[in-house]
2 protein chains.
Amino acid sequence: MQAICYNLFAMCGEEKNCPIFYSLEIFGDRWSLLILRDILHFDKNRYTEFLGSDEGISTNILSDRLKKLEKEGIISKHRDPDNKKQFIYSPTKKCLDLVPIIIELAVWGAKYDPDTKAPPEEMAKIRKNRKDYIDSIRTKFKSIDD
Amino acid sequence: MQAICYNLFAMCGEEKNCPIFYSLEIFGDRWSLLILRDILHFDKNRYTEFLGSDEGISTNILSDRLKKLEKEGIISKHRDPDNKKQFIYSPTKKCLDLVPIIIELAVWGAKYDPDTKAPPEEMAKIRKNRKDYIDSIRTKFKSIDD
DNA sequence: CAAATAGCTTGCATATTGCAAGTTATTGTG
DNA sequence: CACAATAACTTGCAATATGCAAGCTATTTG
């Protein structure tokens, strides 16, 4: 245990290059992570599906965030071959690497929300073996390589 | 692996009770997580120390976020017994449970920031054994029980 | 080619943030 | 015990971001 450097400050050199700040600059707002949750965990991939989420994102913000996430290479946008009116937003590999963050958000929220509806058994499984859950999401999107 | 429910949606019942959304409501803004990073990883615990961070939070926002985090029971505020002019902001147990989230933000940021200064060896150690790193932070704040 | 649908864009009111300056509380000094 | 210094805010205001409603554009379907 002593071998690990226990201060992330030492990892960054300076705060300006802090990897935590870098991440927050890209998706550290309320809506970006909710869109990514919808894609990765709720299996949504269309504009109208994101709009339909309970939290009620507005059209201009959704449009803006989808553009930003696409620009950052976190999602990709393609026309649906079966319904050419629609676009399909898919996670990239960079996006799949966000799964651990979203899992930890869920674990913390389920622990501290007094009104949580997250089933305790399921949460216990995920807490005990995060890797399996992460793998299952990777399997779900296994066709993705970019 | 098949035993795990692979859709967090099923965990929530409805999105309104989603543990991810709950977490984001509390600290899902750019500044809250940076303050918590300062406390947990950069060993800062005073108003002026937070103000001094490279990212440049302004006084009113810092004041507002410290109040919110205290109200949520994530940090506690006490006068410094050695310098009674100052207050000391300390992490609660609820705060220590945020370490995994911040670690994952750091891991993702270090992987994708082309200009990261995070030393690859240190990041590799943390990626390989998150638990040790989490334990080391718990040890650092081992006096905390609330 | 007209209606329907999906995916935006625009305008405007409201809310949040950033910056500079001022205020309060406590401490150390004469 | 006045008085300057320090730490921790608070306030006012301009700039930015968000929320909401309405309108616009591209594609498909009849």
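The values are calculated or read from the model by the stated rules, or taken from the named source; none is laboratory data. Please read all numbers here as calculations on a predicted model, not as lab measurements. Here the Cβ positions follow ideal geometry from the backbone for every residue, glycine too, while neighbour counts run over all protein chains shown. All accessible areas refer to the heavy atoms of the entire protein, side chains included, with ligands and DNA or RNA removed. Shrake-Rupley method; radii C 1.70, N 1.55, O 1.52, S 1.80 Å.
Some observations on this one:
- Condition met for A:Ser63 (near DNA strand C (Cβ under 9 Å from one of its atoms), part of a helix (DSSP H, G or I) and at pLDDT 95 or above): yes
- Applying the criterion of being under 11 Å from the mean Cα position of the chain (by Cα), closer than 17 Å to A:Tyr112 by Cβ and more than 13 Å from DNA strand D (Cβ to nearest atom) to the residues of the stretch B:27-79, the residue that is surrounded by the most Cβ atoms within 10 Å (Cβ to Cβ) is B:Ile74.
- Of all residues making up the stretch B:27-48, the number that are assigned to a helix (DSSP H, G or I), out of contact with any strand residue (DSSP E or B) (no Cβ under 9 Å at 6 or more places or on another chain) and over 17 Å from B:Asp97 (Cα atoms): 3
- Of all the residues in the stretch B:94-124, those that are over 15 Å from B:His41 (Cβ atoms), open to solvent by 50 Å² or more (accessible area, probe 1.4 Å) and modelled with pLDDT under 95 number 4.
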